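The values are calculated or read from the model by the stated rules, or taken from the named source; none is laboratory data. None of the values given here were measured: they were computed from a predicted structure. Positions of Cβ are generated from backbone atoms using ideal geometry, with glycine treated the same way; all protein chains shown enter the neighbour counts.
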Amino acid sequence: MISINCQDKKFKKLLNDFLIFKFPQNFEIEEIFFDIEFINQICIFTIKYRNQEKIYKLKYAEKHSLLKVIKKIILIYFDGIVNYDKSFGILTGVRPLKLYRKIRKDNTLEDCQRILKEDYLLRQVDINILSEIYDNQKEIVENSSTESYSIYIHIPFCPSRCSYCSFDAMVIDEEKIDIYIEALLKELSSLKNYYNKNPKTIYIGGGTPSSIGWKRLEKIIDEVYKDYGFADEFTVECGRTDTFSSDLLRMLKEKGVDRISINPQSFNKEIIRTLNRDNTNFDFWFEKARNHNFKSINMDLIVGLPGENRDSIINSIKKVNDLGPDNITIHTLSLKKGSRLYDENFINDKDYWDIVEFSKKFMEENNYFPYYLYRQKRMALSGENIGYAKQGHICKYNVISMEEIEDILGFGISSSSKIMDKNHNFKRTFNYKSLNDYINRINDIILMKSSLIEKKDE
């Protein structure tokens, strides 16, 4: 058990979040005590572990920099003593590449690597993948502008709720779908006059957008085109093959959708059944989609699902590679509140970390390169999610969204909008997560969003 004695509640929480992230396996089996006292810009930091006590007297100007120092001390102190997660050093944020880009801007590659190693304790393997992704994203980032924007549309419906899911999703209800779409179309049309150019990318996610039926989905796509025009890239998440039809694929192709996502998550049939999910006729529908000549097809896999072992995970990775999609996104299982697996307190085996490393090497050997990466604070193994692409098939939306380099207009339940001002700072507004709140307060949502855009140049 890890205990923290600190009068500053905010500082205590930040440190506790870090420890949960880095020491997940030691909370129940180890007794570690930290004492933090602040006296006139001096921090007295004490570590008590296994009848030993170590005291540090730390000068500081502000507590943010102090927290960084304390994190380093903890990781260095317990290195080789406690089995903690060393990936990405002291970093626990979602977007480690943003830090890399900030440091790289004013430093040589060599100095950047040194700073990340010495100041943030990143491993060379972490630095290498950040460096590679940085280079692969460079063209998209350099061509970004404060005048450009992308559109995200959230469809919260699914045929069933997967046990690992923590997204704002709900099981299909025909009446609710129609009411939701009516509000969604109103929200879409409300902002059409605020931008004088077409969106760079459009992304319809969920949930499972294809679950609402191809005619309803076509109605949404038509509204987007009418209000905003065509985009350089248009993605629709189709997700589950039990929502597929020939009409769906035909419509998407005819409407100019050039990227779709078909997500097996795993090719272990027993695992899929336990997850309350269906991969019906996956190979058949993938080939049907391929025959429609979409520019890019993405597949998602999740590493760390309960019941899987090393062999089954490797088999899924190899199966995806054999099918040959243009993008492969490999996620580490995220155990969030709202998912059934979280409620059941599923704890993933530590051996899965080897699988993540295997996947990186395997993707490279099969001509896939990493192009975006993000982390989540509650994940099996504290791992990362990495998107891989074949040459010429980078998903622009994923880069824009994750690296926060341009405006994103979010529409629908739980979506967020990010609006960049002239100083390249983002302001955000969030849509309601409840269906009733979203429908009944759609005018409030429109007002908040339009007000934010109107102040964009102030």
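For D242, state whether it is surrounded by fewer than 16 Cβ atoms within 10 Å (Cβ to Cβ) and under 21 Å from R290 (Cβ atoms). First the steps, then the outcome.
Numbers: surrounded by fewer than 16 Cβ atoms within 10 Å (Cβ to Cβ): no; under 21 Å from R290 (Cβ atoms): yes.
Judged against the criteria, D242 is not a match.
Check the range 253-264 and report whether any residue there is charged (D, E, K, R), touching a Cys at 6+ places or on another chain (Cβ under 8 Å), in the same structural domain as P159 (by TED's automatic domain parsing) and more than 22 Å from G392 (Cβ to Cβ).
Filtering the range 253-264 for residues charged (D, E, K, R) gives 253-255, 258-259.
From what is left, the residues that are touching a Cys at 6+ places or on another chain (Cβ under 8 Å) are 259.
Filter once more, keeping what is in the same structural domain as P159 (by TED's automatic domain parsing): 259.
Remaining after also requiring more than 22 Å from G392 (Cβ to Cβ): none.
No.
So, in the range 195-225, of the ones that are of a type in the set (K, R) and assigned to a loop (DSSP other than H, G, I, E, B), which residue ends up surrounded by the most Cβ atoms within 10 Å (Cβ to Cβ)? It would help to see each step written out before you state the result.
Residues of the range 195-225 of a type in the set (K, R): 197, 200, 215-216, 219.
Cutting the leftovers down to assigned to a loop (DSSP other than H, G, I, E, B) gives us 197, 200.
On the way: K197: 11, K200: 22.
Within the range 195-225, the match that is surrounded by the most Cβ atoms within 10 Å (Cβ to Cβ) is K200.
Give I4, I55, I44, I39 a once-over and let me know the one that is loosely packed, with under 11 Cβ neighbours inside 10 Å and in contact with a strand residue (DSSP E or B) (Cβ under 6 Å, 6 or more places away or on another chain). Quick ask: steps written out before the conclusion?
On the way: I4 fails: loosely packed, with under 11 Cβ neighbours inside 10 Å; I44 fails: loosely packed, with under 11 Cβ neighbours inside 10 Å; I39 fails: in contact with a strand residue (DSSP E or B) (Cβ under 6 Å, 6 or more places away or on another chain).
The match here is I55.
Can you tell me which residues in the range 426-444 are in a helix (DSSP H, G or I) and over 18 Å from G207 (Cβ atoms)? Talk me through it step by step, then tell me what you get.
First, pick out the residues of the range 426-444 that are in a helix (DSSP H, G or I): 435-440, 442-444.
Selection gives N440, I442, N443, D444.
Filter the range 432-454 for residues that are free of Cβ contacts under 8 Å to residues at least 24 places away in the same chain and touching a strand residue (DSSP E or B) at 6+ places or on another chain (Cβ under 9 Å); which is surrounded by the fewest Cβ atoms within 10 Å (Cβ to Cβ)? Give the derivation first.
Taking the range 432-454 and keeping what is free of Cβ contacts under 8 Å to residues at least 24 places away in the same chain, we get 432, 434, 436-437, 440-441, 443-444, 447-448, 451.
From what is left, the residues that are touching a strand residue (DSSP E or B) at 6+ places or on another chain (Cβ under 9 Å) are 448, 451.
Numbers: M448: 14, S451: 10.
If we take residues in the range 432-454 being free of Cβ contacts under 8 Å to residues at least 24 places away in the same chain and touching a strand residue (DSSP E or B) at 6+ places or on another chain (Cβ under 9 Å), then S451 is surrounded by the fewest Cβ atoms within 10 Å (Cβ to Cβ).
Looking at (1) in contact (Cβ under 8 Å) with a residue 12 or more places away in the chain; (2) closer than 25 Å to I297 by Cβ; (3) surrounded by fewer than 20 Cβ atoms within 10 Å (Cβ to Cβ); (4) not aromatic (F, W, Y), find the lone condition where E254 falls short.
So E254 meets the others, but not (1).
Is it true that I272 is in contact with a helix residue (DSSP H, G or I) (Cβ under 9 Å, 6 or more places away or on another chain) and of a type in the set (V, I, T)?
Numbers: in contact with a helix residue (DSSP H, G or I) (Cβ under 9 Å, 6 or more places away or on another chain): no; of a type in the set (V, I, T): yes.
So I272 fails the test.
Test S401 against the stated conditions and say whether it is within 30 Å of K176 (Cα to Cα), assigned by TED's automatic domain parsing to the domain that holds Y194 and in contact (Cβ under 8 Å) with a residue 24 or more places away in the chain. Quick ask: steps written out before the conclusion?
Working: within 30 Å of K176 (Cα to Cα): yes; assigned by TED's automatic domain parsing to the domain that holds Y194: yes; in contact (Cβ under 8 Å) with a residue 24 or more places away in the chain: yes.
Yes, satisfied.
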